[in-house]
């Protein structure tokens, strides 16, 4: 699971730094991913000294620069699956909030593994006007490991025509499906509130650099 989250983060980390939401045209998913990818990895490289001293900086980077490009609510609702209709609006709102904080902490922790990897994107394809879900294939190139091909899934907002990430599939394994299997069992046994509290607790864990005790 850690490897899947790591891969997901390395790709989804494409969304950030010198480009603000207003500067990135989210109606063009291919251009958006490539443009912000270059800036994000440039930022990680430039801020390594500060990050080594204060790892929690990574949470701020993820929160301010990455999360605006992730459809947390849609992903959270898909995770709940059949449990969604059994929850109250308040429970759903709290779960989305907890899931958001969990993702921030998870992505920040995985970004400590950044070692100047490269991300290659597939050639842009024509997207039909009525298409709302697309997959963009990317390849993570790491000199120390075999290259890995993954499918990055995005969803189009029918009102704004903007695209946001919500899932990735690596080696045939969906991040959302994996977490759904893991958490649905706990929801059935202990309820959604218990899972929300657990996610909040996990989100509070400090960011640890490799080698930290």
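The values are calculated or read from the model by the stated rules, or taken from the named source; none is laboratory data. Because the structure is a prediction, the values reported are computed rather than measured. Because the Cβ atoms are built from the backbone with ideal geometry, glycine has one as well, and the counts that use them run over all protein chains shown.
Brief remarks follow.
- Against the test of being outside any loop (DSSP other than H, G, I, E, B) and either under 25 Å from residue 65 (Cα atoms) or touching a residue at least 40 places away in the same chain (Cβ under 8 Å) (or both), the options 159, 189, 179 yield a single qualifying residue, 179.
- Number of the condition not met by residue 197 [criteria: (1) in contact (Cβ under 8 Å) with a residue 24 or more places away in the chain; (2) farther than 29 Å from residue 28 by Cα; (3) touching a helix residue (DSSP H, G or I) at 6+ places or on another chain (Cβ under 7 Å); (4) assigned to a helix (DSSP H, G or I)]: (3)
- Considering (1) in contact with a helix residue (DSSP H, G or I) (Cβ under 8 Å, 6 or more places away or on another chain); (2) under 28 Å from residue 183 (Cα atoms); (3) modelled with pLDDT of 85 or more, the lone condition that residue 67 does not fulfil carries the number (3).
- Pairs, first without any contact (Cβ under 8 Å) to a residue 24 or more places away in the chain in segment 84-109, second part of a helix (DSSP H, G or I), C-beta under 6 Å, six or more apart: 84/77
- Verdict on residue 96 being at pLDDT below 90 and either in contact with a strand residue (DSSP E or B) (Cβ under 9 Å, 6 or more places away or on another chain) or not in a strand (DSSP E or B) (or both): no
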